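Working notes, structure below.
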Amino acid sequence: MSTNVRPETMERITTPELAAAFIEEQVKEVRAQVGDKKVLLALSGGVDSSVVAALLIKAIGKQLVCVHVNHGLMRKGESEQVIEIFRNQLDANLIYVDATDRFLDLLAGVSDPESKRKIIGKEFIEVFVDEARRLEGIEYLAQGTIYPDILESVKQAEGKKAVKSHHNVGGLPEDMKFELVEPIKLLFKDEVRVVGEALGLPHAMVYRQPFPGPGLGVRCLGAITRDRLHALREADAILREEFDLCGLAEKVWQYFVVIPDIKSVGVKDDSRYEGWPAILRAVNTRDAMTATIEEIPYAVLHKITDRITHEVEGINRVLMDLTPKPTGTIEWE
Ligand code: XMP
């Protein structure tokens, strides 16, 4: 599928049957394209790269080499889930790189959001390239490009400005030339999910809320410190657990915790306790250009507040951000 334009006649993939037909066709195409050569994939664990991985495992098995870079800014349990599903269940050729120290050392003291994004994006490529250079005989690079990415790059080529730079896997160095394998590049997100389920990926992974490339790095506001990042990861895990329990996880487009670099005075165990506030955000949107606020029942908010303030070291208050986009953006940085 070398065209970058979705044919008008292409049927929308809405059912398991249509997904199965798409998978069969792509398996054939990928085999024809790569033959017995090796293919490299940066597997973040997001929907798109996971679906590409599962599709390529079906097509070429161990000829696919997946590299999962843990930049230390993943949500709780995410890297473990990638290892469990791809290495343990699907028997993938998976290289796991824990690069937490590399990223956090570089980010120490950096408070400007765009500088943080640039460091994370650049370092991500460097870690990935370091791993790729160690491997022999790789001729292809698989990518989880989807149709909106192609439409977005067309828009940018036409000179329209983005509000924030979105750095995920950018360009590789000049001397690393791979041919691209992009099996889902003509699909919209909803179709990618139907294909993911047909490939047997877990529902939670396929319907995962969007998570920015720089991960928790843009939610631990200002200069990232390990203790505040840890508090953020734990608080975020509680929010996700409680949203799962009350059914909001299925309903809300994106929900997360943000922790600013400020402390307030509070009290814990009869003593003065200076802590950070955890800010909750839960938004709905169609295209992320504008967003509205989900109304969370007070009982749910009370429970989350109680759990976060009692279970997470360093947090003494919980606040709810009720700002739609505009005037807020979805993320705080
Ligand atoms: P904003 O904050 O601009 O976010 O309203 C819109 C959507 O984009 C996500 N986002 C990012 N995604 N890399 C990404 O891959 C980034 O640097 C980035 N910044 C924001 C955000 O989570 C929301 O879904």
_Residue under evaluation residue 261, criteria (1) exposed (fewer than 15 other Cβ atoms within 10 Å of the Cβ); (2) over 29 Å from residue 44 (Cα atoms); (3) in contact with a Gly (Cβ under 9 Å, 6 or more places away or on another chain), criterion not met_ = (2)
*Please identify the pairs in which a residue from the stretch 108-130 that is among the charged types (D, E, K, R) has its Cβ atom under 7 Å from the Cβ atom of a residue that is part of a helix (DSSP H, G or I) and more than 13 Å from the ligand (Cβ to nearest atom), counting only partners at least 6 apart or on another chain.*
116/107; 123/102; 123/103; 123/106
*Of 97, 69, 65, 82, which residue is surrounded by 14 or more Cβ atoms within 10 Å (Cβ to Cβ) and not in a strand (DSSP E or B)?*
82
*asked:* Testing residue 232 on (1) in contact with a Lys or Arg (Cβ under 8 Å, 6 or more places away or on another chain); (2) in contact (Cβ under 8 Å) with a residue 60 or more places away in the chain, one condition comes back false. Which one is that?
replied: (2)
*For the subset of the stretch 156-178 comprising residues that are more than 15 Å from the ligand (Cβ to nearest atom) and within 24 Å of the chain's Cα centre (by Cα), which member is modelled with the lowest pLDDT?*
171
_Residue tally, condition of a type in the set (A, V, I, L, M) and within 19 Å of residue 251 (Cβ to Cβ), over the stretch 195-213_ = 3
*Scan of the stretch 233-252 for residues that are of a type in the set (A, V, I, L, M), within 13 Å of residue 312 (Cβ to Cβ) and within 16 Å of the ligand (Cβ to nearest atom), ordered by number*: 239
*Within the stretch 276-329, restricting attention to residues that are touching a Pro at 6+ places or on another chain (Cβ under 9 Å) and within 16 Å of the ligand (Cβ to nearest atom), which residue is farthest from residue 221 (Cα to Cα)?*
287
*Please enumerate the residues belonging to the stretch 215-232 that are more than 15 Å from the ligand (Cβ to nearest atom) and in a loop (DSSP other than H, G, I, E, B).*
222, 223, 225
*Which condition breaks for residue 151 when tested against (1) away from the ligand (no atom under 16 Å from the Cβ); (2) without any contact (Cβ under 8 Å) to a residue 40 or more places away in the chain; (3) outside any loop (DSSP other than H, G, I, E, B)?*
(1)
*Tell me, please, whether a residue that is within 19 Å of the chain's Cα centre (by Cα) and closer than 24 Å to residue 222 by Cβ can be found in the stretch 53-64.*
no
_Residue satisfying all of: in the stretch 253-275; away from the ligand (no atom under 16 Å from the Cβ) and in a loop (DSSP other than H, G, I, E, B); farthest from residue 209 (Cα to Cα) among these_ = 270
_I'd like to verify a number: residues in the stretch 104-123 that are more than 26 Å from residue 39 (Cα to Cα) and crowded, with 20+ Cβ neighbours inside 10 Å, how many?_
3
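The values are calculated or read from the model by the stated rules, or taken from the named source; none is laboratory data. This one's a predicted model, so the numbers in the text were calculated from it and none came from an experiment. Methodologically, a virtual Cβ is constructed for each residue, glycine included, from the backbone with ideal geometry; neighbour enumeration extends over all protein chains shown.
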